[in-house]
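To keep things clear, I will list the structure first and then write my remarks on it.
The values are calculated or read from the model by the stated rules, or taken from the named source; none is laboratory data. Keep in mind the model is a prediction, meaning the values are calculated, not measured. Don't worry about glycine lacking a Cβ; one is built from the backbone with ideal geometry, like all the others, and counts go over all protein chains shown. Quick note on the areas: whole protein, heavy atoms, side chains included, nothing else; ligands and nucleic acids left out. Shrake-Rupley method; radii C 1.70, N 1.55, O 1.52, S 1.80 Å.
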Amino acid sequence: MRRRWIVPAISLVLALLTTGVVVGYLQSLRQQVTVVAPVETAAVVFARTNVGERKLVMPDAVELRQVPVTAIHPQAARRVEDVVNRVAIAPLFADEQVLTSKLAPPGVNVGLSYVLPRDKRAMTIAVNEVVGVAGFVFPGDHVDVVATVSQGDLNLTKIVLQDVEVLAIAQKVEQKPGEEPKVSTSATLAVTPDQAEVLAQVDNNGRVRLALRPHGVADKVQTAGKTIQTALGRTAVAATPRPAAQTTVASRTDGVRRAVRQAAARATVAAAPPAPPLVYAVDVWRSTSRTTVRFEEPRR
């Protein structure tokens, strides 16, 4: 009877030992677990939709979101009221933090001065369908300025400015009830102060056109300009016929003057009495005797 209880007793002892080992192992794991502190978050203004440059930030375009404090940009706005109804001076993209540096001061109606680079000036010139490349020039494009200037006998066409950014171009059609459609014709270019002087001179003293550049091409090409003669393939002599004509007239005048002087000289000679002939004396020696021979030659 006692042998019947030996196997259950051994099984019970082994179960207790196994349970104790498992409990001890779990307690050791619990002691090794590091307690992680909760992440600190804060509210930040995010853009819900894209907001274009020089556009008002509407209330439905932004929202507050909780983000970790370590991920907040130093210039990020913290309140929606600090952002709404302000003008974006740089594009705002959806799901990005709204930075106060991309917004104009409150109450300011932003203009070109907020988007113009520091080393550039905005200058407007009059354009039409021909000058403005048939309406294919848009803000953000880059163009070359081609000028045709006439000064005296010189008529020259040359590219005076290259890779100039177009800030704005007025090619919108506005029509009010009862009035004819009105098309504004002007283009505003971003130029340096030196380029502004060049553009003002050629625009006031000649004609300008805009040549549209391919997107992303910033190479500048050196050109000598074209006159009407070089544009038609004529030589330099043919391009300046007036000096040659003056030279021909001068040579003809000199010839006439020489002919007049020669005729006058001949007339004077004919009117004067004939000059006496020239007399020559030649000594001829024969041994010790000398003989002198004389002969005359009429004057010419």
Any residue at all in region 113-127 that is open to solvent by 40 Å² or more (accessible area, probe 1.4 Å), part of a loop (DSSP other than H, G, I, E, B) and at pLDDT 90 or above? no
Taking the condition of a type in the set (A, V, I, L, M, F, W, C), over 28 Å from LEU189 (Cα atoms) and surrounded by 15 or more Cβ atoms within 10 Å (Cβ to Cβ), does VAL62 pass? yes
Out of (1) at pLDDT 85 or above; (2) polar (S, T, N, Q); (3) surrounded by 10 or more Cβ atoms within 10 Å (Cβ to Cβ), the odd one out for GLN171 is which? (1)
Any residue in region 213-239 that is open to solvent by 90 Å² or more (accessible area, probe 1.4 Å) sitting within a Cβ distance under 8 Å of a residue that is among the hydrophobic types (A, V, I, L, M, F, W, C) and modelled with pLDDT under 80? List the pairs, counting only those 6 or more apart or interchain. VAL237/ALA244
Extreme residue, farthest from LYS102 (Cα to Cα), among residues of region 28-53 that are open to solvent by less than 100 Å² (accessible area, probe 1.4 Å) and modelled with pLDDT under 90: SER28
Any residue that is of a type in the set (A, V, I, L, M) and modelled with pLDDT under 75 - is there at least one of those in region 141-159? no
Of all residues in region 54-85, count the ones that are at pLDDT 90 or above and not in a strand (DSSP E or B). 20
Restricting attention to region 200-223, which residues are more than 17 Å from VAL166 (Cβ to Cβ), at pLDDT below 85 and of a type in the set (A, V, I, L, M, F, W, C)? VAL221
